1. Please state the shape class of the chain: rounded when a/c is under 1.5, otherwise prolate if a/b exceeds b/c and oblate if not, all from the C-alpha gyration tensor.
2. Suppose each label sits 7 Å from its Cα in the direction of the beta carbon; what would the residue 12-residue 119 distance come out to in nanometres?
3. In nm, what is the difference between 0.36 nm times the number of residues separating residue 111 and residue 182 and their Cα-Cα distance?
4. Give the distance, in whole Å, between the Cα centre of region 95-131 and the Cα centre of region 8-43.
5. Across the chain, how many lysine pairs, 8 or more apart or on two chains, come within less than 24 Å at their alpha-carbon atoms?
6. Taking θ as phi - 60°, what are the ³J(HN,Hα) couplings along region 16-24 by the Karplus curve (6.51, -1.76, 1.60), each to the nearest whole Hz, with x for Gly and Pro?
Amino acid sequence: MAATASAGKENLETALFASERSPEIPESADVYGWLVGSWELEVLHYKAVDVSSLGFTGEVHFARALEGRAVQDVWIMPKRSDRTAQSAKTNNMYGTTLRVWDPGIQAWRITWINPVTGHREEQIGRRIGSDIVQVGARLDGTPTRWRFTEITPDSFHWIGESLNPDGQTWKLEGEFRAKRTHAR
């Protein structure tokens, strides 16, 4: 049975992951390809709470997927080395984002799922100026905006917000600083 499980994993990895961007995606539209690799996260805000003094850390891993037409990731907090079976669901994330290029809208369709808490998001992502901005709405209709800012080859600042009921101001819900640990 172990051989079957091992073979299945190898086949999934081979079928899912890609080594390069699909030629169907213009190089100028490949706004997520630079993320491929592994990153360490410093957690500043989570669920709209300032947790910067608590020293929370996490990790995120990105890879090209689906013949290079997508970029998939896994966001983990606390990081795997700090997780236990008794980890509380609060301040706990082990989810995945699938970003798929849609040539019809010249943008990325994004789905985020965190099975730990049941959180799900649908967004559209594209480059705006020097940032990558993802906008969408939750199932309850609350507008959301997630941004990659201060982007360098080895770091980024990620900010997650929701629109206040006043429809005018954004509420900070999550904030991470990331540093690359492993390149592609």
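No value in this document is a laboratory result; all are computed from the given coordinates. The shown structure was predicted, so the numbers you read here are calculated from the model rather than taken from an experiment. Methodologically, a virtual Cβ is constructed for each residue, glycine included, from the backbone with ideal geometry; neighbour enumeration extends over all protein chains shown.
1. It is oblate, given that a/c is not under 1.5 and a/b is not larger than b/c.
2. Simple spin-label model gives 2.3 nm for this pair.
3. 23.1 nm
4. The distance from the Cα centre of region 95-131 to that of region 8-43 comes to 14 Å.
5. Lysine pair count for the chain: 8.
6. With coefficients 6.51, -1.76 and 1.60, one gets 7, 7, 10, 8, 8, 5, 5, x, 6 Hz.
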